[in-house]
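Everything on this sheet refers to the single structure shown next.
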Amino acid sequence: MSNPWSVIDPPQNDVSARRVDHTHVLNLFWARDFLGRYLFVYEMPPEDAPSRIELPSLMGIQAVYVPANGQVSQTRLVLVLNEKSNWELFLALCNDLVQATRFAQDTLSAVHIVVRRLTRWQEFLKRRPSDLLTEDKIKGLIGELLFVRLHLAPKFGIGMAVQFWQGPEGLPQDFNIGDSAVEVKCRSGATAPYVTIRSADQLCPQLNEMYLFVVTLGKTIPEAPDAVNLPSLVSDLRDMLQADGSDKIERFNDLLHLVGYVDTDRYLEFSYVLSNAVMYRVVDGFPRICSDEIHHGIVRLSYDIKLSECHPYLGQPDWMGAIP
């Protein structure tokens, strides 16, 4: 992840800036002020800009609205990073704004999108973990994103695939697809052949059909030809959403934030190769525990399933193609 501010020299006054993307419909800039601070600037014609705007307060980032005046000919919405050491997080926020506004129809709608995204970032920054996700959560997220990329997006389109992804929002299963639910579990090839089920509802949905998709990963290096990791998967899916013109890019980024993921190259060290993927049809007789089978005094449970006992239940939905 390259630092776009590192190639901009601080000016003597005002700001030095470089356009983010010449193909973008908005005038967005990486910039530095005379103090050397990192800025993100949205510049708009004063005649199109709203007369006033309420900006959320973000931890470690100043958000400033500068109307056109005698010194500044354009109206500017400026984000200022307080500490340069947090530039990766700031870059992730700025890239989110770039992605969310790419298809904005006009200045007013773009401003509304920016304020909406900043408000979501305000919520995320208040609750975000102080460090990276644990390796178990990293692998779990990789498994879910692989399911989106390899199976849902080719069949339903990337926008609808993201709509199906509901696990980060607190639903018992990771995906609800029509009248079927899919729970994705990810395991390491070096561990015992088990998967952990973390609630009595996880394999017992209210929908007609239930499937368990189990992904097996092997550790590798980021440079390996078939390596999969969170930065590459997230980038690929964002590119697919942008190319599709989907309006689900905001939802996708929000779901990543709910999981606790924020863009950083530190996740590259957690790179894997897809070793195996298996789908099971969860029906009567499948090794599972449901809420109606346990005493009402038990409020929380988790249990391990032996995968060798699941082989008689191999199966997949009619819409699903061959599993790689």
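The values are calculated or read from the model by the stated rules, or taken from the named source; none is laboratory data. The shown structure was predicted, so the numbers you read here are calculated from the model rather than taken from an experiment. So basically every Cβ, Gly included, is an ideal-geometry build from the backbone, and we count neighbours across all protein chains shown. To get the accessible areas, we keep the full protein, side chains included, count just its heavy atoms, and leave off ligands, DNA and RNA. Shrake-Rupley method; radii C 1.70, N 1.55, O 1.52, S 1.80 Å.
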Worksheet entry | Within the stretch 134-178, considering residues that are over 14 Å from the mean Cα position of the chain (by Cα) and of a type in the set (S, T, N, Q), the one nearest to residue 274 (Cα to Cα) | 134
Practice prompt. Could you list all residues from the stretch 120-177 that are in contact with a Gly (Cβ under 8 Å, 6 or more places away or on another chain) and either small (Gly, Ala, Ser) or more than 16 Å from residue 264 (Cα to Cα) (or both)?
Written response: 144, 151, 154, 155, 173, 174, 175
Item to complete: Name every residue in the stretch 278-301 that is under 19 Å from residue 181 (Cα atoms) and under 34 Å from the mean Cα position of the chain (by Cα), in order of residue number.
Response: 278, 279, 280, 281, 282, 283, 286, 287, 288, 289, 290, 291
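Could you tell me whether any residue of the stretch 227-234 is under 19 Å from residue 161 (Cβ atoms) and open to solvent by 20 Å² or more (accessible area, probe 1.4 Å)? Steps first, answer last, please.
First pass over the stretch 227-234, keeping only residues under 19 Å from residue 161 (Cβ atoms): 228, 230, 232-234.
From the residues that got through so far, the ones that are open to solvent by 20 Å² or more (accessible area, probe 1.4 Å) too are 232.
Checking the stretch 227-234: at least one residue is under 19 Å from residue 161 (Cβ atoms) and open to solvent by 20 Å² or more (accessible area, probe 1.4 Å).
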Worksheet item: Which of (1) assigned to a loop (DSSP other than H, G, I, E, B); (2) over 26 Å from residue 131 (Cβ atoms); (3) aliphatic (A, V, I, L, M) does residue 305 not meet, given it meets every other one?
Response: (1)
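Identify the residue in the stretch 12-26 that is out of contact with any Phe, Trp or Tyr (no Cβ under 7 Å at 6 or more places or on another chain) and under 14 Å from residue 78 (Cα atoms) and, among all such residues, is modelled with the lowest pLDDT.
This residue is 14.
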Discussion item. It is to be established whether one or more residues within the stretch 91-104 are more than 23 Å from residue 16 (Cα to Cα), loosely packed, with under 15 Cβ neighbours inside 10 Å and among the small types (Gly, Ala, Ser).
Written reply: no
Item to complete: Taking residue 132 as meeting all but one of (1) under 17 Å from residue 177 (Cα atoms); (2) open to solvent by 30 Å² or more (accessible area, probe 1.4 Å), write down the number of the exception.
Response: (1)
Practice prompt. Identify, by number, the condition in (1) in contact (Cβ under 8 Å) with a residue 12 or more places away in the chain; (2) surrounded by fewer than 17 Cβ atoms within 10 Å (Cβ to Cβ); (3) of a type outside the set (Ser, Thr, Tyr) that residue 170 doesn't meet.
Written response: (1)
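Among the candidates 237, 241, 212, single out the residue that is crowded, with 16+ Cβ neighbours inside 10 Å and touching a Cys at 6+ places or on another chain (Cβ under 8 Å).
Just one listed residue meets the conditions, 212.
Where residues in the stretch 87-113 are of a type in the set (A, V, I, L, M, F, W, C) and over 22 Å from residue 59 (Cα atoms), which of them is modelled with the highest pLDDT? Spell out how you get there, then give the answer.
So in the stretch 87-113, the residues of a type in the set (A, V, I, L, M, F, W, C) come out as 87, 89-94, 97-98, 100, 103-104, 108, 110-111, 113.
Now narrow it down to the ones that are over 22 Å from residue 59 (Cα atoms): 103-104, 108, 110.
Details: 103: 87, 104: 89, 108: 87, 110: 92.
Per the criteria, the residue is 110.
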Response to the item:
In the stretch 32-43, anything buried (at least 20 other Cβ atoms within 10 Å of the Cβ) and touching a residue at least 40 places away in the same chain (Cβ under 8 Å) is listed as 38, 39, 40, 42
Practice prompt. State all residues of the stretch 70-80 that are within 27 Å of the chain's Cα centre (by Cα) and either surrounded by fewer than 20 Cβ atoms within 10 Å (Cβ to Cβ) or more than 20 Å from residue 12 (Cα to Cα) (or both); if no residue qualifies, say none.
Written response: 77, 78, 80
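Just give me the residues in the stretch 44-69 being in a strand (DSSP E or B), modelled with pLDDT under 90 and either open to solvent by 60 Å² or more (accessible area, probe 1.4 Å) or among the small types (Gly, Ala, Ser) (or both), in sequence order. Step through it out loud before you land on a result.
Keep residues of the stretch 44-69 that are in a strand (DSSP E or B), which gives 44, 58, 61-66.
Of the ones still in play, those that are also modelled with pLDDT under 90 are 66.
Listed by number, the list is empty, since nothing qualifies.
Could you count how many residues in the stretch 189-204 are over 25 Å from the mean Cα position of the chain (by Cα) and either farther than 23 Å from residue 164 by Cα or surrounded by 21 or more Cβ atoms within 10 Å (Cβ to Cβ) (or both)? Walk me through how you get there before you give the answer.
Of the residues in the stretch 189-204, the ones over 25 Å from the mean Cα position of the chain (by Cα) are 189-194, 200, 204.
Within this subset, residues satisfying the condition of being either farther than 23 Å from residue 164 by Cα or surrounded by 21 or more Cβ atoms within 10 Å (Cβ to Cβ) (or both) are 189-194, 200.
The total comes to 7.
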Discussion item. Quick test of your reading of the structure: residue 317 fulfils all but one of (1) at pLDDT 95 or above; (2) assigned to a loop (DSSP other than H, G, I, E, B); (3) not charged (D, E, K, R). Name the failing condition by number.
Written reply: (1)
